[in-house]
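Asker: Here you go, one structure.
The values are calculated or read from the model by the stated rules, or taken from the named source; none is laboratory data. What you are looking at is a predicted structure, and each value in this text was computed from that prediction instead of being measured. Cβ sites come from the backbone with ideal geometry, for glycine too, and all protein chains shown count toward neighbours. For the accessible areas, the whole protein counts, side chains as well, though only heavy atoms, and no ligand, DNA or RNA atoms are used. Shrake-Rupley method; radii C 1.70, N 1.55, O 1.52, S 1.80 Å.
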Amino acid sequence: MAQDACYISLLGLAEYFRTCNPPNIKKSIQCLQALFTFQPPTKVEARTHLQMGQVLMAYTKNIDLARSHLEKAWTLCENLLSFDDVRFDTASLLAQLYLQMDQKKLAKAILRKAVELSVNNNYWHCRLLLQLSQIHATDKEYNSASELLSVGADSAEESNATYLKVLFLLSRAMILMIERKTSDVLTLLNNAGNIIDNAVANPHQKEYLKVFFLVLQVCYYLALGQVKTVKPSLKQLQMSIQTIMAPNWPSDEVIFGQSQLEMFMWLPKEQLYVLVYLVTVSHSMMAGYMDKAQKYTEKALTQIEKLKETDDKPILSVFKIILLEHIVMCRLVMGNRELAITEIAIARDVCLALPNKNLLKRHSAQLHCLLGLYSMSTNHFENAEKQFLNCISETTERDLKLFAHLNLAIIYLRTKRETELKAILDGVSTESAQSYSSQALMGGFYYVQGLNSFHKSSFHEAKRFLRETLKMANAEDLNRLTSCSLVLLSHVFLSIGNSKESMNMVTPAMQLASKIPDIHVQLWGSAILKDLHRMSKDVIREKEAYANHVKYSENLIADQKKSVTMPQHLLINWFGGDPPVTGESTMNQSPSTSGVIVHATQQQQNQFVQNF
């Protein structure tokens, strides 16, 4: 009894020193260390080693000592019965530590063992399955991740945990989306949607699951380039997030703290709020509403900074990098290269902030692609070509490869490199037999073929390709693709002397371009209008079109002069390794990472989402 009192006193003192203000971690560790001198029972010793590991991981940089204590705890309690919380908490924490040390095999091995041992403890079994699937997904071992999530869904069903089952189903749908298994995704989403509508009793959990479901549904349609089809789902999502963010909505802790099998969530509501902004930005950009994309990006970034002030979670940097990738493309369309290169440099800083450079590994291909687009816009075609080739070599994303290839094709077209151009168009044409999933990208492919035919003066062929582009663009309200196709068709008709049809095409092209706004289409269209008005001897309108052309041209020239003299412009010379720091750092960033899906609310751990 005296010994028990001693253990309790030392543990109490350790906790007192850990929680006092400011914490005295050294004394807390000393108290825990002192406990071992009393040769405590196995369970007490194991629990103390776990606590030592937790304190060392949370408050010190002594990873090796933390590992030693956690491994001792695991050895002591691995086969102890009726000791689940300590045993599986140890396994979970040790796996996290192994990941920090970049020892993924060890992390997977201990979690596999813990999953086997936890089959009779539904809470821990599900939690460990989620953690293990996270690691497999991060390593792009999607089949393994998907299988584990399927096991989790079955386990949740056996426990009559409907809410948790839906979380597993939606998480698996996310993995299948990354694999581009579109038909399987649709089946799984429909299944999950039916359960949400008919079997989830708790209204707050139901609304939360609906947001998760709708985010995936919106991303599914956007991945297919179906901007028009997605609108009802996006509106529903925006309404659902407003419901969740209302002042009278209960806290996450209240909603998910009622039973063990409901102590899981995908993302807290504040992060979901940012995510809804993010998918809205993605939709606006794809639809060709650059002003809207810009407005929502600014709101999302403001929200991210607010959240960083109170709780700087790594996923906030993931959101930030994705938002920056979107807004940079908007800036380039609008002719604001000065802001675009500044924001590319900010994206670089976000990527470099993580010590083990996980975010840079995940986003270097996208950075090269953005620098390729920027280099193209400033007529640095050699740099642009190298950037796109780097992007292609560094990514396994099929759509990103196609996007880079199409831009390379335009470079080869403009620099009259017909052999390389033919190789790209033939390659994409062969692959398109397998059908690219994105309607927007396939529309872009037909546009590039139309542009190539126009340059070869094969006007009939150009019209055929561009009509195909227009058919795809109009079906899904892809406004920028529509405006680009219309202005090129207008130029085709102008070249064959059909001024009436040329005017019929350029007028809506200019109207759309002004709404986007797309300064490049406006520049091109104003030149065509000038020629059309000259042909019809309309001097006033010819002068007006010429004045507009000069205005657009001068704006672009002035912007280019600014952008190429900025220190960040030197990033166009980055072709490998870590991107260089150019001039002053644009910002201070916190570490970031990303990964799967759902986490246990009571665990203080990183929260993740896949990139969309």
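Asker: When you count, for each residue, the other Cβ atoms within 10 Å and take the mean per peptide, how do 173-185, 119-131 rank with the highest first?
Answerer: By packing density, highest mean first, the sequence is 119-131, 173-185.
Asker: What pairs from 108/401; 104/313; 235/299; 463/551; 386/562 go past 27 Å between their alpha carbons?
Answerer: The pairs that break the limit, which is 27 Å between Cα atoms, are 108/401; 463/551.
Asker: Could you pull out every Cys in the chain that lacks a partner Cys with its beta carbon under 4.7 Å away?
Answerer: 6, 20, 31, 77, 126, 219, 330, 351, 484
Asker: With +1 on the Cβ of every Lys and Arg and -1 on the Cβ of every Asp and Glu, and nothing else charged, how large is the dipole of the range 315-356 about its Cα centre, in debye rounded to the nearest 20?
Answerer: Value, rounded to 20: 20 debye.
Asker: Quote the FRET efficiency, to the nearest 0.05, computed for residue 356 versus residue 140 with a Förster distance R0 of 22 Å and r equal to the Cβ-Cβ distance.
Answerer: 0.85
Asker: Can you give me the C-alpha center-to-center distance between the range 133-153 and the range 434-498, rounded to a whole angstrom?
Answerer: About 41 Å separates the Cα centre of the range 133-153 from the one of the range 434-498.
Asker: Please list, in order along the range 217-229, the HN-Hα scalar couplings obtained from phi with the Karplus expression 6.51 cos²θ - 1.76 cosθ + 1.60 (θ = phi - 60°), rounded to whole Hz, x for Gly and Pro.
Answerer: 5, 4, 5, 4, 5, 5, 5, 8, x, 9, 5, 6, 4
Asker: Show which lysines lie in cross-link reach of residue 27 when reach means a straight Cα distance below 17 angstrom and same-chain residues fewer than eight apart are skipped.
Answerer: 61
Asker: What are the ³J(HN,Hα) values, in whole Hz, obtained from phi via the Karplus relation 6.51 cos²θ - 1.76 cosθ + 1.60 with θ = phi - 60°, for each residue of the range 268-275 in sequence order, with x given for Gly and Pro?
Answerer: x, 4, 5, 6, 4, 4, 5, 4
Asker: OK, next. Given a 1.4 Å probe, how much area per residue of the chain is accessible, in Å²?
Answerer: 44 Å²
Asker: Next up: Percent of accessible area on the chain owned by carbon and sulfur, 1.4 Å probe?
Answerer: Result for the chain: 51 percent of the exposed heavy-atom area is carbon or sulfur.
Asker: Full-extension gain between residue 578 and residue 537, please, as 0.36 nm times their residue separation minus the C-alpha to C-alpha distance.
Answerer: That pair, residue 578 and residue 537, stretches by 9.0 nm at full extension.
Asker: Can you give the direction-averaged projected area of the convex hull of the alpha-carbon atoms in the chain, in nm²?
Answerer: So the Cα hull casts an average projection of 30.6 nm².
Asker: Taking +1 at the Cβ of each Lys and Arg and -1 at the Cβ of each Asp and Glu, which of 81, 11, 59 sits farthest along the dipole of the range 1-94 towards its positive end, judged by Cα position relative to the Cα centre?
Answerer: With unit charges placed on the Cβ atoms, the residue in question is 59.
Asker: Charges only on Cβ, +1 for Lys and Arg, -1 for Asp and Glu: so what's the dipole of the range 414-519 about the Cα centre, in debye to the nearest 20?
Answerer: I would put it at about 300 debye.
Asker: Right, another one. Expressed as a fraction of 2.2 N^0.38 Å, the rule-of-thumb size for a compact globular protein of N residues, what is the C-alpha radius of gyration of the range 33-161?
Answerer: Ratio of Rg to 2.2 N^0.38 Å for the range 33-161: 1.10.
Asker: Oh, and also: Would you mind checking which residues have amide H under 5 Å from residue 264's amide H? H placed 1.01 Å from N; only 5 or more apart, or other chain.
Answerer: Answer set, sorted by chain and number: 601.
Asker: Treating the beta-carbon of each Lys and Arg as +1 and of each Asp and Glu as -1, no other charges, what is the dipole magnitude of the range 249-390 about its Cα centre, to the nearest 20 debye?
Answerer: Roughly 320 debye, rounded to the nearest 20.
Asker: I would also like to ask the following. Points 7 angstrom from Cα along the Cβ direction at residue 9 and residue 181: gap in nanometres?
Answerer: Spacing of the two 7 Å Cα→Cβ label points: 6.0 nm.
Asker: Also: Where Lys and Arg each count +1 and Asp and Glu each count -1, what net charge lies around residue 53 among other residues with Cβ under 12 Å from its Cβ?
Answerer: Here the count lands on 0.
Asker: Would you work out which of 302, 473, 484 lies farthest towards the positive end of the dipole of the chain, given +1 charges on the beta-carbon of Lys and Arg and -1 on that of Asp and Glu, about the Cα centre?
Answerer: The residue sitting farthest along the positive end of the dipole is 484.
Asker: If you don't mind, there's one more thing I want to ask. Under a plain spin-label model, where a point goes 7 Å from the Cα along Cα-to-Cβ, how far apart in nm are residue 504 and residue 113?
Answerer: 7.5 nm
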